[in-house]
Amino acid sequence: MIQAATVETTEIPALKRLLRRSQRRQQVTAIALVAPLLVFLLLTYIGPIGALLSRGILDPEVPSVLPRTTAALATWDGRELPPEVAFAALVADMREARSAGTLAAAATRLNYDINGFRSLMFSTARRLPAEIDSARDTLIGIDPKWGERETWAAIRRASGPVGDFYLLAALDLRRDADGNIVAAPEDQAIFIDVIARTFLISGVVTALCLVLGYPVAYVLATLPARSAGLLMIFVLLPFWTSLLVRTAAWVVVLQREGIVNSLLLGIGIIEQPLEMIFNRFAVYVAMTHILLPFMILPLYSVMKGIPAVHLRAAASLGAPPFTVFRRVYLPQTLPGIGAGCLLVFIQALGYYITPALVGGAEDQMISYLIAFYASRTINWGMAAALSILLLAATLVLCAVYGRLVGFGRVRPG
Amino acid sequence: MRMTPPEPDMSKLRHVLAQLRGVRKTYDGETLVVKDLDLDIFDGEFLTLLGPSGSGKTTTLMMLAGFETPTAGQIMLAGRDLARVPPHRRDIGVVFQNYALFPHMTVAENIAFPLSVRGVPRSDIAVRVARALDTVRLSGFGERRPAQLSGGQQQRVALARALVFEPKLVLMDEPLGALDKQLREEMQLEIRRLHERLGITIVYVTHDQAEALTMSDRIAVFHRGVIQQIDTPAAVYEQPRNAFVASFIGESNRLAGVVEAIDGAHCRVRLDDGTPILARPIDVGTGDATSVLLRPERITLADPSDPDGSSARNRLAAEIREVIYLGDHTRLRVSLAGRHDCAIKLPAGRRNPVPLPGMRVEAVFEAADCLAFRPE
């Protein structure tokens, strides 16, 4: 007995050590297998995206071009005009920036905040006299805007290096001269509208996909294997053509002289061609068509796992057909509905090409604005801030799905 | 204390609960899966539909449940024609082979399902679910999910769910097929006890003849869409009506021969190797080819030097080829009448002479145990 006890106490730590060692080897192997992909993703995906998104909260232009001014304004209380030092600092900064050719960067950034700031900066820099007594009087003499508190507040708001200017702008908000968050003026408040429209279009498309896809998935799941395979090819067919081609095809189908209008005119149902392109209708039709497979596939795989005998059992227990569907079939397909809706909704949120090609001006989604800022006005800050919003919305949706349905968790049964 | 089970009360079996008349079923319009089926199901009985796969037994069950429509014929339940009654209005409970429990509901919710779709008040449901759980000895399991139960427990839940709404008829489609042997035998007795206690009518489908013998009041033996025989387990085993029933139920040795003469209850058969034996003619006449079926446990061994033997007995020379000791009995493989794979079962403790491979003996059996059938 004593011997046995000794063996236990001495051998268990040794066993644990052995176990840990063998597990460590497995962990090292696993990490080694994943490492190449991880490095690849870090270099080509996570890194660049992180760098882009950081532009949404970084505000580097003004502090680097106007270092003395931003330093002088750091202690300004903002209630009255800043002290003479700040005016002098701005004059010094402007002279230096003009000769270095960096003035444009700061002027553009300040112009995002207050329209006309760019020309104010350039005309002021151009008209600065060689010798000045009072920087304050000289600047206000050149342009009375320098005597306004708001002008200086804009510089202070942009004095970075980190700021919430772009993020607030993406939500139609701004900071006033006193630093409080207020609604942006109505003519600049366009983002909330577009974000709401993005969610509305995505929601409608998701609902359409669910309504159209659910019965198809059911038929696929209940057909004998051979016919199901054939039908599945038709479902997957859209994956084999490019998104651009499919969208362009809808233009052909829906346009004024398109197939649908010719047909309806030919039959005599309508006398005037219907407006079916460059409007919301076309966006819904084209996006639903393109995203439908992403709804059908998860539904199909979940439905395939529901034994047909469940439906028979429910009927034999006295449930009429609709009750069988509502209480036995539908609840078991919920994980598929959740996965399908999530896939479709998240993809729809980021849609750009399709609304751009078949929608009108009032049907553009948030990605259109991101592309607009990134490629046309080169306003990386705005593009990044809108991207952050889109990413955050996606992550929140994923978290909700994870909470409600569970990732990859197969329901007990 | 009674040591023997009570005789089935035949008076309660008089009343016909369900009736199938001239029922036919074809899936492809060419072959009939069920041919002209006539079947009476008595109130309160345990009727087993027994047969090999493809014999039409499950199709018959599914037509009763309403999941299949008869191609022709009529099905009546409690005086009502079921032709236009959908499954959910038939008031028939069904237990399936793979339980078919709803995985998204707890055990209690599963059992409550047939009650709640019938609009039974909530308070009544709770009482009846608790009682049903108690009946299948699963009290306290109500809040679990089906996946958390063992196969046997899941099948008991399925039973409780099919019984809780007190259906007129309960159909069971090979309900124990997925369980291992020991659990299956346990559940057979449990279902049997439930049947006796609750007085319900059960139609049970199986391909396992031992299960049919264990559980049933009556067995209907299906083959090629036709009921070959419908009788009590003892009658089906002891007095099979044809060669199929005799060979499908229980084990038997088959000896081929020709009927030479029929004399009352006995006939003389000359086996293919020339040996004459006495047998009981079932469906054969003089001059017919026949297949004589003989149960292994109805053969005893005698020493060839022992002259004793009545005229009714068949005594055939045999050679023991293999001896398998199985505890409660000993199984022999012998050469008999030119066949080398005849089986004999000797009960434990009566081994005189002690059988050994290579031993020459005489196989002794009664003419009444040799059933002469028309070959299948």
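The values are calculated or read from the model by the stated rules, or taken from the named source; none is laboratory data. Note that this is a predicted model, so its numbers are computed, not measured. For neighbour counting, all protein chains shown are included, and Cβ atoms are generated from backbone atoms with ideal geometry for every residue, glycine included. SASA here: full protein model, heavy atoms, side chains in, ligands and nucleic acids out. Shrake-Rupley method; radii C 1.70, N 1.55, O 1.52, S 1.80 Å.
Within segment A:68-104, being open to solvent by 50 Å² or more (accessible area, probe 1.4 Å) and more than 16 Å from A:TRP152 (Cβ to Cβ) holds for A:ARG95, A:GLU96, A:ARG98, A:SER99, A:ALA100, A:GLY101, A:THR102.
If we keep just the residues of segment B:106-116 that are of a type outside the set (Ser, Thr, Tyr) and touching a residue at least 12 places away in the same chain (Cβ under 8 Å), which is farthest from the other protein chains (Cβ to nearest Cβ)?
So, considering only residues that are of a type outside the set (Ser, Thr, Tyr) and touching a residue at least 12 places away in the same chain (Cβ under 8 Å), the one farthest from the other protein chains (Cβ to nearest Cβ) is B:ALA108.
Among residues of segment A:206-224 that are in a helix (DSSP H, G or I), those with a Cβ under 8 angstrom from a residue that is open to solvent by 70 Å² or more (accessible area, probe 1.4 Å), sequence gap 6+ or separate chain, pair up as A:ALA221/A:LYS304; A:THR222/A:ALA308.
Residues of segment A:48-72 that are touching a Leu at 6+ places or on another chain (Cβ under 9 Å) and not in a loop (DSSP other than H, G, I, E, B): A:ILE49, A:LEU53, A:GLU61, A:VAL62, A:VAL65, A:ARG68, A:THR69, A:ALA72.
Please enumerate the residues belonging to segment A:106-122 that are in a helix (DSSP H, G or I) and open to solvent by 50 Å² or more (accessible area, probe 1.4 Å). Within segment A:106-122, A:TYR112, A:ARG118, A:SER119, A:PHE122 meet the criteria.
Going through A:PHE281, A:PHE322 one at a time, which residue ends up being within 14 Å of chain B (Cβ to nearest Cβ), assigned to a helix (DSSP H, G or I) and surrounded by fewer than 21 Cβ atoms within 10 Å (Cβ to Cβ)? Criteria check complete, one pass: A:PHE322.
For segment B:45-96, a residue qualifies if it is among the small types (Gly, Ala, Ser), farther than 17 Å from B:PRO175 by Cα and facing chain A (nearest Cβ under 9 Å), and exactly one does: B:GLY66.
Mind listing whichever residues of segment B:214-263 are hydrophobic (A, V, I, L, M, F, W, C) and touching a helix residue (DSSP H, G or I) at 6+ places or on another chain (Cβ under 7 Å)? Residues satisfying the conditions are B:MET215, B:ILE219, B:VAL221, B:PHE222, B:VAL236, B:VAL245, B:PHE248, B:ILE249. Annotation note: Cβ proximity below 6 Å between a residue of segment B:235-246 that is farther than 22 Å from B:GLY225 by Cβ and a residue that is not small (Gly, Ala, Ser) (sequence gap 6+ or interchain) occurs for B:TYR237/B:ILE249.
Would you be able to say whether some residue in segment A:92-103 is touching a residue at least 60 places away in the same chain (Cβ under 8 Å), under 25 Å from A:PRO161 (Cβ atoms) and in a helix (DSSP H, G or I)? No, segment A:92-103 has no match at all. Residue count for segment A:348-367, restricted to those that are surrounded by 20 or more Cβ atoms within 10 Å (Cβ to Cβ) and in a helix (DSSP H, G or I): 8. Would you call A:ALA153 open to solvent by less than 20 Å² (accessible area, probe 1.4 Å) and not in a helix (DSSP H, G or I)? Here the answer is no, as A:ALA153 does not meet what is asked.
The strands (runs of 3 or more DSSP E) falling completely within segment B:218-280 that include 1 or more residues that are hydrophobic (A, V, I, L, M, F, W, C) and more than 30 Å from B:TYR204 (Cβ to Cβ) map to B:253-263, B:266-271. Restricting B:LEU149, B:LEU133 to those that are in contact with a Gly (Cβ under 8 Å, 6 or more places away or on another chain) and either aliphatic (A, V, I, L, M) or more than 10 Å from chain A (Cβ to nearest Cβ) (or both) reduces the list to B:LEU133. Considered as a group, the residues in segment A:175-199 that are farther than 25 Å from A:GLY350 by Cα and in contact (Cβ under 8 Å) with a residue 24 or more places away in the chain include one that is most open to solvent (accessible area, probe 1.4 Å), and that residue is A:ASP178. Here is the figure for segment B:75-94: residues that are open to solvent by 20 Å² or more (accessible area, probe 1.4 Å) and outside any loop (DSSP other than H, G, I, E, B) total 6. Residues in segment A:295-308 that are at pLDDT 90 or above and either part of a helix (DSSP H, G or I) or away from every other protein chain (no Cβ under 12 Å) (or both): A:MET295, A:ILE296, A:LEU297, A:PRO298, A:LEU299, A:TYR300, A:SER301, A:VAL302, A:MET303, A:LYS304. Taking the criterion of being open to solvent by 50 Å² or more (accessible area, probe 1.4 Å), over 12 Å from the mean Cα position of the chain (by Cα) and closer than 13 Å to B:LEU49 by Cβ, the only residue of segment B:209-259 that qualifies is B:VAL226.
Only residues that are polar (S, T, N, Q) and closer than 17 Å to A:ASP178 by Cβ were counted across segment A:67-96, and they come to 1. Where strands (runs of 3 or more DSSP E) fall wholly inside segment B:326-376, the ranges with 3 or more residues that are within 17 Å of B:GLY257 (Cα to Cα) are B:339-347, B:371-373.
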